[in-house]
Amino acid sequence: MDPTLAGFLQALALVAALALSHRPLGDFMAHLLTSARHLRIELGLYRVIGVDGDADQTWSVYLRSMLAFSAVSVLFLYAFQRLQNHLWLSLGFPAVPAPTAFNTAASFVTNTNWQSYSGEATMGHLVQMAGLAVQNFASAAVGIAIVAALIRGFTRNRTDRVGNFWTDLTRIIVRLLLPASFVIAIVFVASGMVENLHAAHAVTTLTGATQSVTGGPVASQEVIKELGTNGGGFYNANSAHPFENPNPFTNWLEIYLLLVISFSLPRTFGTMIGDRRQGYAILAVMSLFWVASASLMTFFEWQHHGSAPHAAHAAMEGKEVRLGIAATALFASSTTLTSTGAVNGAHDSLTPLGGGVAIVDMMLGEIAPGGTGSGLYGMLVLAVVTVFVAGLMVGRTPEYLGKKLGAREMKFASLYILTTPAIVLVGTGVAMSLKGERAAMLNNGAHGFSEVLYAFTSAANNNGSAFAGLTVTSTWWNSALGLVMLFGRFLPMVFVLALAGSLARQHPVPAGAGTLPTHNALFVGMLSGVVLIVVGLTYFPALALGPLAEGLH
C-alpha cells in the first residue's frame with residue numbers, strides 16, 4: 001500500500017475511534033464525578049485515609065489536600081528509589097543516585113515522566129511497578145480532579161465548596177483508570193507486548209554477538225503510560241522499543257489511548273454544566289489544533305532536503321522502519337499536544353521545522369487536547385480570557401457560563417497564562433548563560449539552543465519528551481529540571497483552584513441580549529486566535545533563535 005494512503009487511513013481510523021468514544025466516555029466521567037453513590041471499595045479506602053467522602057471542601061482545602069498528597073508521593077517515590085538495592089526484584093541494581101531520584105520523583109508525580117536514566121538499566125521491577133506505575137495512575141487522576149473542581153466552580157452558586165479531592169481521586173482511579181488499564185493490558189499482551197518478571201537474559205544476535213535483553217511488566221505499565229498521558233517508558237527507547245510497541249496495531253492503539261480521555265473531557269464538561277454545546281465548542285478548538293499539528297508534522301517529515309532524506313524519500317533518521325513516517329509523525333504530534341511525552345522515534349532527529357512543531361505544541365500549553373484534565377482546564381482558562389477580551393471590545397462586563405469575570409478572576413487567569421512561559425524562558429536563559437551547563441549540548445548553534453529550549457518547555461509543561469542531544473544527567477540539570485517540573489505543575493493548579501473558588505461564590509447572571517454566545521463558530525475562531533496570539537507569540541523570539549533559524553537556514 002502507498003505510504004501516504006496508509007498514513008491517511010490510519011489517521012482516519014483514529015478519528016473514527018475517538019469520535020465513537022467521545023460520547024460514552026465523556027458521559028461516564030460526568031456520572032463518575034457527580035454521582036452521590038460510593039462503591040464499597042471506595043468507602044473502605046475513605047476509612048483507611050480517614051476522610052469523609054461526602055464532605056465538600058473549599059478551594060483552599062482542596063488545594064492543600066492535593067499538595068499534601070503530591071508531597072507525600074514525591075517523598076515516597078524518592079525513598080523507594082534510594083532504597084532499591086534492599087528491595088525484592090531489584091535485579092541487582094544499586095540505589096538510584098540522589099539527584100536522579102529527586103528528578104524522577106518530581107517527574108512522575110507531576111505527570112511529566114521525564115527520564116534522565118535508562119529504565120532497563122537503572123530501575124528494578126518493584127520500583128517500576130509499585131513506584132513509577134502507581135504515580136502514573138495517581139498523577140493522571142489528580143489532573144482530572146482539578147478540572148472537575150473548576151467545572152463545579154461554573155455550576156455552583158453562592159458557595160465556597162468545589163468538591164472533595166479524596167473522593168474525586170479515588171473514584172477516577174477505581175472506576176476509570178484501573179478497569180480500563182486491566183482490559184487493555186490483556187489486548188497488549190495478546191498483540192505481542194512483554195509482561196513478565198524476567199531479569200536480563202543473554203541472547204545471540206543474527207551476527208553472532210551476545211546481547212543482554214531485559215524483560216519486565218511492560219504491558220501493564222504501557223497502558224497507563226498512554227491512557228494517563230504519562231509517557232515514561234520501561235525501556236530507554238520508549239515506544240520505539242519492540243517490547244513496548246511491537247507492531248503498527250499497538251502503535252495505533254497507543255496513540256488512541258493517549259488522546260481518548262482528553263478528547264472526551266469536553267463532553268464531560270458540557271454534561272456537567274448542562275449545555276453540551278459548550279463542550280462541542282471546546283472540542284472544536286482542540287480538534288483544529290490537533291489536525292493542524294499532525295498535518296504540519298507529517299508534511300515536514302516527508303521533505304527530502306539533503307542526500308540521505310532524498311534517497312529515502314523522507315527524513316527517516318531516528319524513525320522505526322517498521323512504523324514509517326506517517327505513524328511516527330502522528331505519534332510525535334499527539335504526544336507533544338498532550339502531556340504524554342512518550343515517543344516512538346527520536347525527536348532530536350525530526351526535521352528542524354518538524355521539531356519546531358513539537359516545541360510549539362507544548363508551548364501552546366498542551367491544550368489540544370492536552371493532558372488528562374490539564375488540557376481542559378488550560379483551555380477553559382483561555383476561554384475565560386477570550387470572553388474578557390470580547391467584553392472589552394464591546395464595552396460590557398464579560399460573562400462566561402453565567403458568571404461575571406471581574407478583576408479577581410482575570411488576575412488568576414492571567415497568572416495561569418504567564419507562569420509557564422516565565423518558567424520556560426527564565427530556565428532556558430539561565431542554562432544558556434552558564435558555561436558549564438552549555439557544555440551539556442552536543443550540538444552548537446540553533447539546534448543546540450533548540451535542545452535546551454525543548455528541555456525546559458517539556459519539563460515546565462509536564463510533557464517529558466526530549467531532544468536526545470542534550471546530556472541532562474548532571475546534578476545541576478537533574479535539580480533544575482526537577483524544580484521546573486514541580487513549579488510548572490502545581491503553580492498553575494493553584495490559580496485554577498482559586499479561580500474555581502471565586503466563580504463558585506458568585507450569584508448566577510442570566511444571559512441577556514449582549515451576552516457573547518460561547519458555543520458557536522465565532523467563539524471557536526476567537527478562542528483559537530487567543531491561543532495563538534496570547535500564548536504562542538510569547539515564545540516567538542525564542543523560536544526564532546532555535547527551530548525557525550535552523551529550518552530557514
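Data table
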| item | result |
| --- | --- |
| Extended-chain gain in nm, criterion 0.36 nm per residue less alpha-carbon gap, VAL189 and ALA36 | 51.5 nm |
| Cα-centre dipole for the chain with unit charges at Cβ (Lys and Arg positive, Asp and Glu negative), debye to 20 | 1640 |
| Share of carbon and sulfur in the accessible heavy-atom surface of the stretch 417-553 [1.4 Å probe, %] | 72 |
| Computed [θ] at 222 nm, deg cm²/dmol, the chain (DSSP H ≥ 4; -39,500 (n - 2.57); rounded to nearest 500) | -20000 deg cm²/dmol |
| ³J(HN,Hα) computed for each position of the stretch 441-454 - Karplus, 6.51 cos²θ - 1.76 cosθ + 1.60, integer Hz, glycine/proline x | 6, 8, 10, 9, x, 4, 5, x, 5, 4, 4, 5, 4, 4 |
| Formal net charge of residues neighbouring GLY274 (Cβ-Cβ distance under 15 Å; K, R +1; D, E -1) | +4 |
| The chain: C-alpha pair distances exceeding 43 Å, % | 14 |
| 5 angstrom amide H check on THR214, placed H, neighbours 5+ away | HIS201 |
| Amide H partners (placed H, <5 Å) of TYR400, local residues excluded | LEU405 |
| Of GLY395, THR420, MET485, farthest towards positive along the dipole that unit charges on Lys, Arg, Asp, Glu beta carbons give the stretch 381-487 | GLY395 |
| Area of ARG396 that stays accessible when all protein chains are in place (1.4 Å probe, Å², to 10) | 100 |
| Distant-in-sequence amide H partners of GLY163 (H built 1.01 Å from N, under 5 Å) | GLN57 |
| Environment charge at ASP54 (Cβ cut-off 12 Å; Lys +1, Arg +1, Asp -1, Glu -1) | -1 |
| Inter-probe distance in nm under a simple model that places probes 7 Å from Cα toward Cβ, at SER60 and GLN211 | 5.8 |
| For the stretch 146-268: relative contact order, % (alpha-carbon pairs under 8 angstrom, 6 or more apart) | 20 |
| Solvent-accessible area per residue for the stretch 359-419 (1.4 angstrom probe, square angstrom) | 31 |
| Phi to ³J(HN,Hα) by Karplus 6.51 cos²θ - 1.76 cosθ + 1.60 over the stretch 9-20, Hz, x for Gly, Pro | 5, 5, 5, 5, 5, 5, 4, 4, 5, 5, 5, 5 |
| The chain: relative contact order in percent, alpha carbon pairs under 8 Å with at least 6 residues between | 20 |
| Solvent-accessible area, 1.4 Å probe, carbon plus sulfur percent, for the stretch 1-95 | 69 |
| About the Cα centre, charge dipole magnitude for the stretch 155-255 (Lys/Arg +1, Asp/Glu -1 at Cβ), debye | 520 |
| Relative intensity, log₁₀ I(q)/I(0), of the stretch 128-225 from a Debye sum that treats every alpha carbon as a point, q = 0.14, 0.18 Å⁻¹ | -0.68, -0.89 |
| Percent carbon-and-sulfur accessible area, the stretch 191-263, ignoring ligands, DNA and RNA, probe 1.4 Å | 62 |
| Net charge over other residues, Cβ less than 9 angstrom from the Cβ of HIS447 (K, R count +1; D, E count -1) | -3 |
| Heavy atoms of ILE49 accessible to a 1.4 Å probe, total area in Å² rounded to 10 | 80 |
| ³J(HN,Hα) computed for each position of the stretch 55-70 - Karplus, 6.51 cos²θ - 1.76 cosθ + 1.60, integer Hz, glycine/proline x | 8, 6, 10, 6, 4, 6, 5, 4, 5, 5, 5, 5, 5, 5, 4, 5 |
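The values are calculated or read from the model by the stated rules, or taken from the named source; none is laboratory data. All of these numbers come straight from a predicted model, not from anything done at the bench. Positions of Cβ are backbone-derived with ideal geometry, glycine not excepted, and every protein chain shown enters the neighbour counts. The protein model used for the area step is the full one, side chains on, heavy atoms only, and it has no ligands, DNA or RNA in it. Shrake-Rupley method; radii C 1.70, N 1.55, O 1.52, S 1.80 Å.
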